[in-house]
Amino acid sequence: MRYKYCPNCGSKLSEIQSGDDGMVPYCVHCGKRWFDSFHSCVVVLTYNEFNEIALSKQWYLPEQYMSVTTGYIVPGESAEEAAKREVREELGLTLENVAYAGTFWLEECDQLLHGFIGYSTKRPFALSGEISFAEWVPAKQADEKFFPDKPGGALYEVYHKFLKDRGLES
């Protein structure tokens, strides 16, 4: 998001040169630069000891598709903490370990996605109100339930990293 008005005092912002960052929005009243901001989110592929992946269905997904766990990072929380929290909240699972799988820019939403691969022992789900259905799916079949692949798609990048790391890629 590019600021047009000062979040502190509401004045219309001008621009000021800010070193290597170029021209940035600036409040002459508060004397503060307002750099562009964006949302930081997590995308978490959760797997179990049987190389199954937890896929879930949220109300906003088209009927034929499922996804892995996603969510926003809240202020004061690390990306790893957000990954563990989102899986616990949405699926009722506790991640025993979590590995970073990269960052991905989602242009259409101005979001930076932090990808993770997390392990949890297989157990029944305790779904939040955000999730209508979840299931453990064999890893090599999970991509049949995702949105069609697109270059640079975070879900596919994390999924293929998981397959490669587990020696499941053919």
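Take the residues in region 136-169 that are of a type in the set (A, V, I, L, M, F, W, C) and in a strand (DSSP E or B), then tell me which one is surrounded by the most Cβ atoms within 10 Å (Cβ to Cβ). Before you say what the answer is, go through the steps one by one.
Just the residues of region 136-169 that are of a type in the set (A, V, I, L, M, F, W, C), to begin with: 136-137, 139, 142, 146-147, 154-155, 158, 162-163, 168.
Among the residues that remain, those that are also in a strand (DSSP E or B) are: 136-137.
Numbers: TRP136: 19, VAL137: 16.
Top of the filtered list is TRP136.
Give the number of residues within region 20-43 that are part of a strand (DSSP E or B) and surrounded by fewer than 20 Cβ atoms within 10 Å (Cβ to Cβ).
First pass over region 20-43, keeping only residues part of a strand (DSSP E or B): 23-27, 32-33, 39-43.
Filter once more, so that each one left must be surrounded by fewer than 20 Cβ atoms within 10 Å (Cβ to Cβ): 23-24, 26, 32-33, 39-40.
Of the residues in that region, 7 qualify.
Just so you know, all these numbers are worked out from the coordinates, no wet-lab data involved. These figures come from a predicted structure and were not determined experimentally. Counting neighbours? That spans all protein chains shown, and the Cβs are built from the backbone with ideal geometry, glycine included.
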